[in-house]
1. Would you mind stating whether SER131 is in contact (Cβ under 8 Å) with a residue 40 or more places away in the chain, in contact with an Asp or Glu (Cβ under 7 Å, 6 or more places away or on another chain) and not hydrophobic (A, V, I, L, M, F, W, C)?
2. Which condition breaks for ARG177 when tested against (1) loosely packed, with under 13 Cβ neighbours inside 10 Å; (2) under 23 Å from the mean Cα position of the chain (by Cα)?
3. Of all residues in the stretch 198-226, which are out of contact with any Lys or Arg (no Cβ under 9 Å at 6 or more places or on another chain), assigned to a helix (DSSP H, G or I) and touching a residue at least 24 places away in the same chain (Cβ under 8 Å)?
4. Do we find that GLY69 is on the phi > 0 side of the Ramachandran plot and either hydrophobic (A, V, I, L, M, F, W, C) or touching a helix residue (DSSP H, G or I) at 6+ places or on another chain (Cβ under 8 Å) (or both) in this structure?
5. With of a type in the set (Ser, Thr, Tyr) and within 17 Å of the chain's Cα centre (by Cα) as the only criterion, which of SER79, SER26, SER47 stands out?
6. Does any residue of the stretch 107-127 turn out to be modelled with pLDDT under 90 and more than 20 Å from the chain's Cα centre (by Cα)?
7. Name every residue in the stretch 115-134 that is surrounded by 14 or more Cβ atoms within 10 Å (Cβ to Cβ) and either charged (D, E, K, R) or not assigned by TED's automatic domain parsing to the domain that holds GLY92 (or both), in order of residue number.
8. Would it be correct to say that SER155 is within 25 Å of ILE52 (Cα to Cα) and at pLDDT 95 or above?
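The values are calculated or read from the model by the stated rules, or taken from the named source; none is laboratory data. Treat the numbers as computed from the prediction; the structure is a model and nothing was measured. With ideal geometry, Cβ positions are generated from the backbone for all residues, glycine too; neighbour counts draw on all protein chains shown.
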Amino acid sequence: MQNGATNMIYTTEAPNDDDLHEALGSIAVRAPVPHGDAVFFGVNSDSSPIRIACERKKVSDMVASVLDGRYLSQAQAASDAGFDQLVLIVEGEIRVAKDGSIRTRPDIQYSRFDRYMTDLSLLGGILVKRSAHVQETAAIVKATWLWFQRPDHQSLNVIYNQPHPHVTLTKPSLVRRIAKELPGIGWGRSAAVDSFFPSVVSLVMATENDWKSIDGIGPKTAKQVVAALSSLRGK
């Protein structure tokens, strides 16, 4: 992507996106897009630059991604690569059988599929869209591109301020992944632990006083954590 054409939509060079590129028309440029199927630049409400990646998935591909976790890995990779906003467009008709399953291969219960979409939207901060066909997908990409070209979106601010996502798509540090498994810590407190300890070694060798110095951790939890770590060290 070249700095002189940041107002364009860049589409992947993959053959299965030929129809999307054609539907987007003159606003689209083919490029070796590393993440997503269409990416572009935009601006935040404070006029700072933002990078957006749109991922297009047919229904059967999305169902498979729910079951094997592939899309979440793709989203994490895009986030790690510096994309600030992710957009997921699920393309195609969803036919639901009498037993509540989606008629596709592989099959899945619609309730599980919909719950996954809700988790991505509310917890992951991913903009999830539904599309009937490639023309609608292109229209969604264009509309999203237009929305991010202007920073002054104030119409809903008088009644609602969107909360920050509850989870992060960036892979957590080893310190945090270890901390969340310790007694009384969990995922919530693991963030404070990650900020306090610079390494796994310092976490493992910390005293009760060290642990009590961390916001949200009291004497009881500190004692339990040190005891658990001591047992792992064979003491």
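1. Considered against the rule, which asks whether it is in contact (Cβ under 8 Å) with a residue 40 or more places away in the chain, in contact with an Asp or Glu (Cβ under 7 Å, 6 or more places away or on another chain) and not hydrophobic (A, V, I, L, M, F, W, C), SER131 comes out as yes.
2. Every condition holds for ARG177 apart from (1).
3. Across the stretch 198-226, the qualifying residues are VAL200, LEU203, LYS220, GLN224, VAL225.
4. The answer is no for GLY69.
5. None of the others qualify; the one that does is SER79.
6. For the stretch 107-127, residues modelled with pLDDT under 90 and more than 20 Å from the chain's Cα centre (by Cα): present.
7. The answer is ASP119, LYS129, ARG130.
8. no
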